[in-house]
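Reviewing the structure listed below.
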Amino acid sequence: MRRLFYIVRLFKEYFILALFVIVSISLMAQNDNRQIHGIRTLTIGLLGKMQESVSFLPNFFHLQEENEALRRANVNLADELNQLREAKLENMRLHRLLGLRETAKYDLIPAKVIGKTLYLLRNTITMNVGEKDRVAPGMPIVTDRGLVGKILATSGGYALGEIIMNRDFRVGARIQRSRVDGILAWEGGTHSRLKNISKTLDVKVGDVVETSGYSNTYPPSIRIGVVGAVTEQPGSLFKTIWVENAVDFATLEEVFVMNSLPDSARARLEEKVLR
Amino acid sequence: MNVYASIRYGLITVVLIVLQTTFIRFISIESITPDILVVWIVYLALRYGQIHATVAGFILGFIVDIISGDFLGLYALSKTVCGFVAGYSYDENRTTQTLATYRFALIVLLASIVHNVIYFTIFVQGSELPFWRTLGLFGVTTSLYTSALSLLPIFGYSRAKGDRVLPR
């Protein structure tokens with residue numbers, strides 16, 4: 001026994017390292033534990049309060065870039081507004097003719113982005129809405145420009161959102177014009193990538209990419225972006241399609257949370273069958 | 001380390017975590033942010049040795065894991081090993097020379113690279129993210145930025161001790 005203690009004392013640095021490595025790996029295996037969700041809820045609340053208190057401060061490196069983007073967006077929006085007015089008038093006329101009621105399919109919960117966490121490839125946003133505003137994990141986040149991401153976790157007054165530019169983000173997407181389906185993911189950089197599109201399918205630069213509706217989380221036809229580049233690698237069956245995101249995450253301030261939760265019956269069935 | 005020193009270091013740790021999670025984005029360049037917690041772990045390694053740095057690395061990593069919202073345990077593992085590796089630079093007779101010279105930035109760079117290699121090795125599993133490209137684009141740049149940032153405490157420490165930053 002004394003010999004064992006002697007060995008432990010002699011190599012105590014290595015024993016401590018081994019202990020913490022084992023604990024860390026055990027934690028990695030416990031990622032859906034309920035207690036851990038509870039701790040996360042608490043910390044998201046605290047973090048949200050801190051980030052809210054400094055949300056008025058600008059990022060000095062991005063200020064000029066942000067101003068230019070805002071000016072450009074302003075011109076585009078003014079132009080878009082005129083087109084939308086025309087479209088709305090036309091829409092109203094058509095609605096009257098058809099006797100349809102103007103209904104919104106989902107409630108939109110307005111939220112302010114009070115914090116952005118850029119930590120390696122885990123990009124998230126913190127919003128000033130939470131469980132008291134009926135926001136729950138899994139709800140999609142959008143802006144007038146398109147899809148932002150989905151709610152990852154919530155506390156009473158705050159919510160943490162996973163954005164498209166996050167390594168873990170995946171969404172079923174389709175080309176609006178040709179209805180070709182694929183899976184959109186982000187692999188770093190400023191563009192996302194549309195995967196699993198065969199070389200024989202019809203995809204062109206400039207095509208609008210939107211949610212496909214096959215996902216249980218995202219409703220169909222939410223704009224994601226436009227195809228920025230299409231390349232074909234020799235030896236691969238698939239096209240490499242880069243998508244320019246519709247939403248500019250550098251200037252993201254106001255978002256909407258869609259009051260749409262994944263269909264639990266469908267999720268249960270898919271989990272049961274596909275597991 | 002006595003009780004008062006422990007409390008002081010605990011408070012500094014809390015402040016650094018707040019800085020890392022709340023304020024550090026203000027100095028991000030193209031989504032690359034320095035990891036000031038790695039700098040702190042290396043400092044503790046040089047002041048107090050391998051065991052303290054390993055324990056501090058685990059605690060800091062665990063807290064960041066909880067705050068960052070996903071993949072619990074990954075930062076804990078990376079920062080534990082980072083602290084352990086940084087602890088090899090501990091030499092109680094040369095602490096001041098190391099902390100007040102460019103050697104500190106080099107140790108931070110090495111520890112940060114070890115941290116990011118472990119982090120991305122596990123992080124890219126199950127995804128189509130290319131390991132080397134991801135490590136190069138995010139891991140190495142983050143390490144360089146972190147190392148550059150560690151020059152600030154060197155100047156501070158060097159001025160406080162009245163030493164030169166570069167060797168005579």
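The values are calculated or read from the model by the stated rules, or taken from the named source; none is laboratory data. The structure presented is a predicted model; accordingly, all values stated were derived computationally and were not measured. Don't worry about glycine lacking a Cβ; one is built from the backbone with ideal geometry, like all the others, and counts go over all protein chains shown.
Tell me the residue from B:LEU60, B:LEU37 that is under 12 Å from the mean Cα position of the chain (by Cα), crowded, with 17+ Cβ neighbours inside 10 Å, closer than 20 Å to B:TYR102 by Cα and within 12 Å of another protein chain (Cβ to nearest Cβ), please.
Going through B:LEU60, B:LEU37 in turn, just one is under 12 Å from the mean Cα position of the chain (by Cα), crowded, with 17+ Cβ neighbours inside 10 Å, closer than 20 Å to B:TYR102 by Cα and within 12 Å of another protein chain (Cβ to nearest Cβ): B:LEU37.
Please work out which residue is surrounded by the most Cβ atoms within 10 Å (Cβ to Cβ), limiting yourself to region A:226-253 and to residues that are over 30 Å from A:GLU52 (Cα atoms) and in contact (Cβ under 8 Å) with a residue 40 or more places away in the chain.
The residue in question is A:ILE241.
B:SER89: over 26 Å from A:LEU47 (Cβ atoms), modelled with pLDDT under 95 and more than 11 Å from chain A (Cβ to nearest Cβ), yes or no?
So B:SER89 passes the test.
Among the candidates A:ARG179, A:ARG170, A:ARG134, single out the residue that is in contact (Cβ under 8 Å) with a residue 60 or more places away in the chain and surrounded by fewer than 19 Cβ atoms within 10 Å (Cβ to Cβ). Break it down stepwise before answering.
On the way: A:ARG179 fails: in contact (Cβ under 8 Å) with a residue 60 or more places away in the chain; A:ARG170 fails: in contact (Cβ under 8 Å) with a residue 60 or more places away in the chain.
Checking each option against the conditions leaves just A:ARG134.
Under 6 Å between Cβ atoms, which residue pairs at least 6 apart in sequence (or on different chains) link something in region B:110-130 that is farther than 18 Å from B:ILE41 by Cβ with a partner that is in a loop (DSSP other than H, G, I, E, B) and not polar (S, T, N, Q)?
Partner pairs satisfying both residue conditions: B:LEU129/A:GLU187.
Filtering region A:1-31 down to residues that are touching a helix residue (DSSP H, G or I) at 6+ places or on another chain (Cβ under 8 Å) and among the β-branched types (Val, Ile, Thr), which residue is farthest from B:THR80 (Cα to Cα)?
Step by step, filter region A:1-31, then rank; the result is A:VAL8.
Among the numbered conditions (1) at negative phi; (2) facing another protein chain (nearest Cβ under 9 Å), tell me where B:GLY73 comes up short.
With (1) at negative phi; (2) facing another protein chain (nearest Cβ under 9 Å) applied to B:GLY73, the lone miss is (1).
Only residues that are of a type outside the set (A, V, I, L, M, F, W, C), crowded, with 20+ Cβ neighbours inside 10 Å and in a helix (DSSP H, G or I): list them for region B:65-93, please.
B:ASP65, B:SER68, B:TYR75, B:SER78, B:LYS79, B:THR80, B:GLY83, B:GLY87, B:SER89
B:LEU74: closer than 29 Å to A:GLY48 by Cα and hydrophobic (A, V, I, L, M, F, W, C), yes or no?
yes
Among the residues of region B:11-31, write down those that are surrounded by fewer than 20 Cβ atoms within 10 Å (Cβ to Cβ), in contact (Cβ under 8 Å) with a residue 24 or more places away in the chain and facing chain A (nearest Cβ under 8 Å).
Scanning region B:11-31 gives a single hit, B:ILE29.
I'd like the residue in region B:102-143 that is assigned to a helix (DSSP H, G or I) and among the charged types (D, E, K, R) and, out of all such residues, is nearest to the other protein chains (Cβ to nearest Cβ).
Filtering region B:102-143 for residues that are assigned to a helix (DSSP H, G or I) and among the charged types (D, E, K, R), the one nearest to the other protein chains (Cβ to nearest Cβ) comes out as B:ARG133.
Restricted to region A:1-31, and to residues that are modelled with pLDDT under 80 and outside any helix (DSSP H, G or I), which residue is farthest from the other protein chains (Cβ to nearest Cβ)?
Out of the qualifying residues, it is A:MET1.
Hey, can you tell me all the residues within region A:115-132 that are at pLDDT 90 or above and not hydroxyl-bearing (Ser, Thr, Tyr)?
Passing the criteria: A:ILE125, A:MET127, A:ASN128, A:VAL129, A:GLY130, A:GLU131, A:LYS132.
Go through A:GLY188, A:GLY138, A:GLY161, A:GLY157 for me and flag whichever is of a type in the set (Gly, Ala, Ser) and not in a loop (DSSP other than H, G, I, E, B).
A:GLY161
Given the criteria more than 30 Å from A:ASP202 (Cα to Cα) and touching a Phe, Trp or Tyr at 6+ places or on another chain (Cβ under 6 Å), does A:GLY138 qualify?
Answer is no for this residue.
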